[in-house]
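Notes for the one structure printed next.
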Amino acid sequence: MGITSMGGPERVVRMVRQAVGDRDVEQVDSNKTDKQNKIIEGEAEEEAYQKIRDTFDTDVVKVFVCLPDMKFDTMNLDESKQVAEMYYSYDGETIGYIINMPYRDSSWGVDFEDSVEKKYSKEIHKCKINITLYEIEDSNVPKCVAKFKYGNIEYILMGTMSEQNFEKILKNLFFPK
């Protein structure tokens, strides 16, 4: 859905709420491939995190590659929206990690149409993480989504895998001091 509006972020938020009602909606613009986005492919994961640090002048929570066959793929960096998207591959699936630097009042996120299988929260490194497992039709493996805020930065981690493997990734997140 695209919105062009005059009146600032409050008006856009009001228009989105009118359009989606009470549904839990999160939105991320990950299809943009113009010059505003910096796409990093084939670079080391640490180089990608360093570009995020250099661009936004802060350290972020890092994903640690802790599962067999899990590897870093690419990063998209949009300076104007202050969003970094990191992509990893694991077991033939993509793991997405979105880092949102809210420099002003804004809304963002991802929308899942699948039915919720399980919702819970857990604390990792003194950070409350909200976890939702979505049931995927014709699959025994859920789509796992974790949302959290740390140091005024918002994060979403998502991937299709067992809950046990997803929690292993969460337990191995590296939180900056």
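The values are calculated or read from the model by the stated rules, or taken from the named source; none is laboratory data. Because the structure is predicted, anything quoted here is derived from the model rather than measured. In this analysis, Cβ positions are derived from the backbone assuming ideal geometry, glycine residues included, and neighbour counts consider all displayed protein chains. When the accessible area is computed, the model is the full protein with side chains, heavy atoms only, and any ligands, DNA or RNA have been set aside. Shrake-Rupley method; radii C 1.70, N 1.55, O 1.52, S 1.80 Å.
Quick look at the values:
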item: Filter result for the condition that a residue is under 20 Å from THR132 (Cα atoms) and either at pLDDT 90 or above or in contact with a helix residue (DSSP H, G or I) (Cβ under 9 Å, 6 or more places away or on another chain) (or both), over LYS119, LYS71, LYS51; result: LYS119
item: Selection within segment 69-94 - open to solvent by 40 Å² or more (accessible area, probe 1.4 Å) and touching a residue at least 60 places away in the same chain (Cβ under 8 Å); result: ASP91, GLU93, THR94
item: Scope segment 53-68; condition assigned to a loop (DSSP other than H, G, I, E, B) and either touching a residue at least 24 places away in the same chain (Cβ under 8 Å) or hydrophobic (A, V, I, L, M, F, W, C) (or both); matching residues; result: THR58, ASP59, VAL60, VAL61, VAL63, PHE64, VAL65, CYS66, LEU67
item: Search result, residues across segment 128-160 that are more than 16 Å from the chain's Cα centre (by Cα) and touching a residue at least 24 places away in the same chain (Cβ under 8 Å); result: ILE136, PRO142
item: Odd one out for ASN165, checked against (1) in a strand (DSSP E or B); (2) at pLDDT 95 or above; result: (1)
item: Hey, ILE98 modelled with pLDDT of 95 or more and closer than 23 Å to VAL65 by Cα or not; result: yes
item: Residue in segment 137-148 that is least open to solvent (accessible area, probe 1.4 Å), counting only those that are over 18 Å from TYR90 (Cβ atoms) and at pLDDT 95 or above; result: PHE148
item: Qualifying positions in segment 149-162 - assigned to a strand (DSSP E or B) and open to solvent by 70 Å² or more (accessible area, probe 1.4 Å); result: LYS149
item: Segment 124-136, residues that are surrounded by fewer than 20 Cβ atoms within 10 Å (Cβ to Cβ) and in contact with a Ser or Thr (Cβ under 9 Å, 6 or more places away or on another chain); result: LYS128, ASN130, ILE131, TYR134, GLU135, ILE136
